[in-house]
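Chemist: Please read through the structure below; I'll follow up with questions.
Throughout, read-outs are computed from the coordinates displayed, never taken from laboratory work. Predicted model only: the values in this text are computed from it and were never measured. Note that each Cβ is placed from the backbone with ideal geometry, even for glycine, and that neighbours are counted across all protein chains shown.
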């Protein structure tokens, strides 16, 4: 049997992994390293990739770079596929004084998509958030 770790344990493991490796080039690699960190004391913890990604974003200690692919489809989405936050419309004013929606952008992570061409995440890169 396996155990499901608490959110605090996962966040601590993410912090320890990023302190050691600085840059992680895929979500799967982050999952493997976090599980190895959690299972250091011979526990049998399992945690999903999506849960790790969302906890890393929510904790605020990770810079995430999202690589996307254009699907060519015009599908209306309201929530970010990366962090599940509500997307904000990117608008522009026309010459005639009306506004036009150009696409959508997530206020939490750097995900964005264009109107008429949905962009879906294909790969994530995680790094330690720089202090400003």
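Chemist: Taking the range 101-113, which residues are in contact (Cβ under 8 Å) with a residue 40 or more places away in the chain and loosely packed, with under 15 Cβ neighbours inside 10 Å?
Modeler: 110
Chemist: Restricting to the range 4-16, give me the number of residues that are over 17 Å from residue 65 (Cβ atoms) and touching a helix residue (DSSP H, G or I) at 6+ places or on another chain (Cβ under 9 Å).
Modeler: Here is the first cut: in the range 4-16, the residues over 17 Å from residue 65 (Cβ atoms) are 4-13, 15-16.
When the remaining residues are screened for being touching a helix residue (DSSP H, G or I) at 6+ places or on another chain (Cβ under 9 Å), the result is 5, 7, 9-13, 15-16.
So the count comes out to 9.
Chemist: For residues that are under 30 Å from residue 128 (Cβ atoms), part of a loop (DSSP other than H, G, I, E, B) and in contact (Cβ under 8 Å) with a residue 40 or more places away in the chain, scanning just the range 62-100, find the one that is nearest to the chain's Cα centre (by Cα).
Modeler: 82
Chemist: If you don't mind, another one. What residue, among those in the range 114-132 that are outside any strand (DSSP E or B) and either under 12 Å from the mean Cα position of the chain (by Cα) or touching a residue at least 60 places away in the same chain (Cβ under 8 Å) (or both), is farthest from residue 75 (Cα to Cα)?
Modeler: The residue in question is 130.
Chemist: Same structure again: Could you list all residues from the range 35-48 that are out of contact with any strand residue (DSSP E or B) (no Cβ under 9 Å at 6 or more places or on another chain), free of Cβ contacts under 8 Å to residues at least 24 places away in the same chain and either on the phi > 0 side of the Ramachandran plot or part of a helix (DSSP H, G or I) (or both)?
Modeler: Once the filter is applied, which keeps residues that are out of contact with any strand residue (DSSP E or B) (no Cβ under 9 Å at 6 or more places or on another chain), free of Cβ contacts under 8 Å to residues at least 24 places away in the same chain and either on the phi > 0 side of the Ramachandran plot or part of a helix (DSSP H, G or I) (or both), the range 35-48 yields 36, 40, 41, 42.
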